[in-house]
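*Asks:* Here it is: the structure, laid out below.
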Amino acid sequence: MNTDEGLRTRSRNRGACAGAVAGDTHASRPDPWEQTLLLLDRLCATEPHAQTPNPDELAPGPRITGPHRHDGRCRKSRDIRKASDATDDASSAAVVTLLDRLSPRTVALRWCSASCHYGYQIWVCAKARRAGVCAVSGKAIRRGDIIYRPYTRTPVLPVNVNAMIHLAALA
């Protein structure tokens, strides 16, 4: 037997016995790192409605959940959330940085919020289709005001699609 075969045989035997040590309680548990990668892979699927993993496939133990509400309301699914709620959630803690003025009607922004981060996002000038709140100044926006909004002619809509920035806030 050459040295390469000996190394392979020893490592194969060591791998087979690694979890079989007497009293080893971790032998039957799934690998947490492997489960994390599995979860990320499923959540980052290219399909618009990626399926969440089956809880039975995940390791037992505490689950990380979102913040609890104490106002008696149920959490809404992101898919059925009203547009006004999405605007309020997306822009309430957004940090917006003007990167470049690409044309008189378009700008490039960096958008950072709890719901999403875009390092270079194109925003276009338009009329507000509904009332809302400026993500930069916090001032009220009326229907028909001139605003900037995220460019939406992309394969996947941005998470902050309902956000608005008043024209005067970027002047």
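The values are calculated or read from the model by the stated rules, or taken from the named source; none is laboratory data. Treat the numbers as computed from the prediction; the structure is a model and nothing was measured. Virtual Cβ from ideal backbone geometry, glycine too; neighbours counted across all protein chains shown.
*Asks:* Taking region 102-157, which residues are in a loop (DSSP other than H, G, I, E, B), among the basic types (Lys, Arg) and out of contact with any Cys (no Cβ under 7 Å at 6 or more places or on another chain)?
*Replies:* Within region 102-157, ARG129, ARG130, LYS139, ARG142, ARG143, ARG153 meet the criteria.
*Asks:* Right, something else. List pairs: first in region 20-38 and assigned to a helix (DSSP H, G or I) and of a type in the set (S, T, N, Q), second modelled with pLDDT under 85 and surrounded by 11 or more Cβ atoms within 10 Å (Cβ to Cβ), Cβ under 7 Å, 6+ apart or cross-chain?
*Replies:* Between residues of region 20-38 that are assigned to a helix (DSSP H, G or I) and of a type in the set (S, T, N, Q) and residues that are modelled with pLDDT under 85 and surrounded by 11 or more Cβ atoms within 10 Å (Cβ to Cβ), the close pairs are GLN35/LEU58; GLN35/ALA59.
*Asks:* Shifting gears a bit: For region 146-171, give me each residue that is free of Cβ contacts under 8 Å to residues at least 40 places away in the same chain and within 20 Å of SER103 (Cβ to Cβ).
*Replies:* Across region 146-171, the qualifying residues are ILE146, ILE147, ARG149, PRO150, THR152, ARG153, THR154, HIS166, ALA168, ALA169, ALA171.
*Asks:* Across region 125-158, which residue is surrounded by the most Cβ atoms within 10 Å (Cβ to Cβ) among those that are of a type in the set (Val, Ile, Thr) and farther than 18 Å from VAL107 by Cα?
*Replies:* It comes out as ILE141.
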